[in-house]
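All remarks here apply to the structure that follows.
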Amino acid sequence: MRHRAWSKTAIGRRARAGILPAMRMNRSLVFCLLLTACATTPREPASVAEAYARALDEGRVGDAFALTVGGPEEEAAFLERYSDPGARSARAADVRAGAPLLEARAPSLTVAQSPQGWRVVEARPADVPRAALRQFIDSVEARDWKAAWGQLAGPLRARYTPERLREDFEREPLAKERLRRARLALNTHVRVGAGEAVFPLGDERAVRLVLEEGEYRIAALE
């Protein structure tokens, strides 16, 4: 009986000795797989930007689109736009050039990169509409019509669609000149009043932004 009991105990120990390392190995394997999944899923803004640029560089246009906020109805146009290697390369270079200047914005908050990491920006009153105008100009120059349309004031958004905005900028002979003057206005004095910001252009013309839901939006380019 003792021998038999000892044998059962020994067998149990040997079984546990075999099972426990296997369980530890399985847990380690699962942990490693989770780490790998986390490492390959970019979350931080600069990592998302680099993953997007790398996907374009490598011709993985579908993967690049998956890193955008575009809906299924926009995928075909995106794939067509970046079917050209030159367009992909230029866009990847632009993304990488802009990555060190990334900012995260909300109606009452701007967070920017610094050598110490992400930091809150305490902006002067004129800096906020200036940044909004710059963002609109950058969106138009990048032909990101959905983003540009979203930066228009309410009455203009009601009159336009992203597609109509594109058509106006591409067909209107003076559109490029207006955009050029708007960019020059970034370096001028801005008058910030109650719910609006005005960038004078001279000759009684001005770029005007209005405050809507805590954000400045484009009301007029001149």
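Within region 186-222, track down each residue that is closer than 15 Å to L156 by Cα and of a type outside the set (D, E, K, R).
Residues satisfying the conditions are V207, L209, V210, L211, Y216, I218, A219, A220, L221.
From the list P200, P115, P173, P155, which one is of a type outside the set (V, I, T) and within 30 Å of E44 (Cα to Cα)?
Selected residue: P115, the only one of P200, P115, P173, P155 that is of a type outside the set (V, I, T) and within 30 Å of E44 (Cα to Cα).
Scan region 194-212 and report the pairs whose first residue is within 19 Å of R181 (Cβ to Cβ) and basic (K, R) and whose second residue is open to solvent by 60 Å² or more (accessible area, probe 1.4 Å) and in a loop (DSSP other than H, G, I, E, B), with Cβ atoms within less than 8 Å and a gap of 6+ or a chain change.
Final answer for the pair search is R205/E222.
Is there a residue being aliphatic (A, V, I, L, M) and without any contact (Cβ under 8 Å) to a residue 12 or more places away in the chain anywhere in region 154-167?
Yes, region 154-167 has at least one match.
A147 - would you say it is small (G, A, S), part of a helix (DSSP H, G or I), closer than 30 Å to A197 by Cα and open to solvent by 30 Å² or more (accessible area, probe 1.4 Å)? Show your work before the answer.
Working: small (G, A, S): yes; part of a helix (DSSP H, G or I): yes; closer than 30 Å to A197 by Cα: yes; open to solvent by 30 Å² or more (accessible area, probe 1.4 Å): yes.
So A147 passes the test.
Please work out if A90 is open to solvent by less than 70 Å² (accessible area, probe 1.4 Å), closer than 27 Å to G214 by Cα and of a type in the set (G, A, S).
So A90 does not fit the description; no.
Specify which of the listed residues (A158, A194) is at pLDDT 85 or above and loosely packed, with under 11 Cβ neighbours inside 10 Å.
Only one candidate qualifies: A158.
The values are calculated or read from the model by the stated rules, or taken from the named source; none is laboratory data. Treat the numbers as computed from the prediction; the structure is a model and nothing was measured. Counting neighbours? That spans all protein chains shown, and the Cβs are built from the backbone with ideal geometry, glycine included. Accessible surface is based on the protein model in full, side chains and every heavy atom, while ligands, DNA and RNA are left aside. Shrake-Rupley method; radii C 1.70, N 1.55, O 1.52, S 1.80 Å.
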